[in-house]
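Novice: Let me give you the structure first, and then I'll get to my questions.
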Amino acid sequence: MTHVLHLDSSPRGDRSRSRQLAKQFMTAWQQQHPDDTVIYRDLRLCSIPYVTEQWIAADFTPPEARTSEMKQEIALSEKLVDEFLSVDRYVFSVPMYNFSVPASFKAYIDQIVRVGRTFAVVGDGDWQGLVDSKKALFITARGDDFRSGMPHADWDCQEPFLRTAFNFIGIADVQFVHANGLDSGAEARQRGLNAARLEIQDLAMNW
């Protein structure tokens, strides 16, 4: 049995194409793996706070030395990290905002990239990811076409950032399904959605 965390990050509801595509994947996945368990988190409904100075002080204080105020400061982060570590695979739907990710998803990443929990500092300032043997799938929706060879390919700060952040904490198996060109006219939008849907169907069988 596999445990999956499915997280939607778009502030849109049913109009969100990244949500629609992730729902398609999860429906197909669960049909193929009916015994798997799924934890669902919607960042539209769960406000993730930004990191503060007090949060940083609590994070870098050994657990046994934290005051009650410090424990309260990182209580949500502890819950999110526990949830993150409890599963085997991750399905994240992430729209591209200004060439990267929505602020809510960046805030989520800041809450789960934690020293001593998801990564460790070793040796002379080096680091080691503590989250291993897990897989992450990112399903994205993009207004332009940022594929390699396209005019704006170099503007894609989304995939490099996500790949680096999750590699940093130890997740080497990171895959992407990009729905490209969704704001580039009706024909390009349909082409991008169709390509993503086909890729999703294949991944649901083989991921």
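Novice: Pick out which of 61, 37, 164 has the largest mean-square fluctuation in a Gaussian network model of the chain, springs linking Cα atoms closer than 10 Å.
Specialist: 61
Novice: I'd like the accessible area for residue 205, computed on protein heavy atoms only with a 1.4 Å probe and all protein chains in place. Round to 10 Å², please.
Specialist: Surface accessible to solvent at residue 205 totals approximately 120 Å².
Novice: Let me ask another. From the phi of every residue in region 33-46, what ³J(HN,Hα) in whole Hz does the Karplus formula 6.51 cos²θ - 1.76 cosθ + 1.60 yield, where θ is phi - 60° and glycine or proline is x?
Specialist: Listing the rounded values in order: 9, x, 8, 5, 9, 10, 9, 10, 9, 10, 5, 5, 9, 10 Hz.
Novice: So, one more: Give me log10 I(q)/I(0) at q = 0.11, 0.25 Å⁻¹ for region 47-118, Debye formula, one equal scatterer per alpha-carbon, no solvent.
Specialist: Reported log10 I(q)/I(0), two decimals: -0.31, -1.20.
Novice: Now a separate question. How many angstrom separate the Cα center of region 138-179 from the Cα center of region 54-118?
Specialist: Cα centres, region 138-179 to region 54-118: 21 Å.
Novice: How large is log10 of I(q)/I(0) for the chain at q = 0.16 Å⁻¹ when the intensity is taken from the Debye formula with one equal scatterer per alpha-carbon?
Specialist: -1.10
Novice: Report, ordered by chain and residue number, the lysines lying within cross-link reach of residue 71, taken as a straight Cα distance under 17 Å and ignoring same-chain residues fewer than 8 apart.
Specialist: 79
Novice: When the chain is treated as a GNM, springs tying every alpha-carbon pair under 10 Å, which of 100, 68, 77 comes out with the largest mean-square fluctuation?
Specialist: Of 100, 68, 77, the Gaussian network model singles out 68 as fluctuating most.
Novice: Count the DSSP beta bridges whose two residues both fall in the chain, then state the antiparallel fraction as a percent rounded to the nearest 5.
Specialist: Around 15 percent antiparallel, to the nearest 5.
Novice: OK, next. Mean-square fluctuation check for the chain, GNM, Cα pairs under 10 Å: which of 191, 142, 114 is largest?
Specialist: The residue with the greatest mean-square fluctuation here is 191.
Novice: Taking the C-alpha atoms of region 1-89, how large are the radius of gyration and the largest Cα-Cα span, Dmax, in Å?
Specialist: Cα only, region 1-89: 16.7, 47 Å (Rg, Dmax).
Novice: Still on this model: If the chain between residue 135 and residue 60 were fully stretched, how many nm would it gain, using 0.36 nm times the residue separation less the Cα-Cα distance?
Specialist: Computed gain between residue 135 and residue 60 is 24.2 nm.
Novice: Another question, then. For region 1-58, run through the trypsin sites (Lys or Arg not before Pro) and keep only the ones in DSSP coil with at most 16 other Cβ atoms within 10 Å of their Cβ. List each step's numbers first, then the result.
Specialist: On the way: sites: 12, 15, 17, 19, 23, 41, 44; in loops: 12, 15, 44.
Sparse-neighbourhood loop trypsin sites (Lys or Arg not before Pro): 12, 15, 44.
Novice: Please report the orientation-averaged projected area of region 107-165, defined via the convex hull of its C-alpha atoms, in nm². Spell out each step's value before the answer.
Specialist: Details: hull surface 23.7 nm².
Answer in nm², one decimal: 5.9.
Novice: Let me ask another. Can you tell me which of 176-185, 120-129 comes out highest on packing, and rank the rest after it, using the mean Cβ neighbours within 10 Å?
Specialist: Going by the mean number of other Cβ atoms within 10 Å, highest first, we get 176-185, 120-129.
Novice: Extension gain residue 72-residue 154, at 0.36 nm per residue separation less the Cα-Cα distance, in nm?
Specialist: 25.4 nm
Novice: To continue, here is another question. Normalised by the residues of region 132-207, what does the relative contact order come to in percent, with Cα pairs under 8 Å and at least six apart?
Specialist: Here the relative contact order equals 36 percent.
Novice: Enumerate the amide H contacts of residue 184 below 5 Å, restricted to partners 5 or more residues apart or on another chain; note that Pro and chain-start residues carry no placed amide H.
Specialist: 189
Novice: Another one. Search the structure for amide H atoms under 5 Å from the amide H of residue 146, placed 1.01 Å from N in the peptide plane, and list their residues when 5 or more places away or on another chain.
Specialist: Distant-sequence amide H within range of residue 146: 181.
The values are calculated or read from the model by the stated rules, or taken from the named source; none is laboratory data. Everything numeric in this text was worked out from a predicted model, so none of it was measured. A quick note on method: Cβ atoms are made from the backbone with ideal geometry, for glycine too, and the neighbour counts reach across all protein chains shown. Each accessible area value is taken on the protein alone, full model and side chains, heavy atoms only, with ligands, DNA and RNA left out. Shrake-Rupley method; radii C 1.70, N 1.55, O 1.52, S 1.80 Å.
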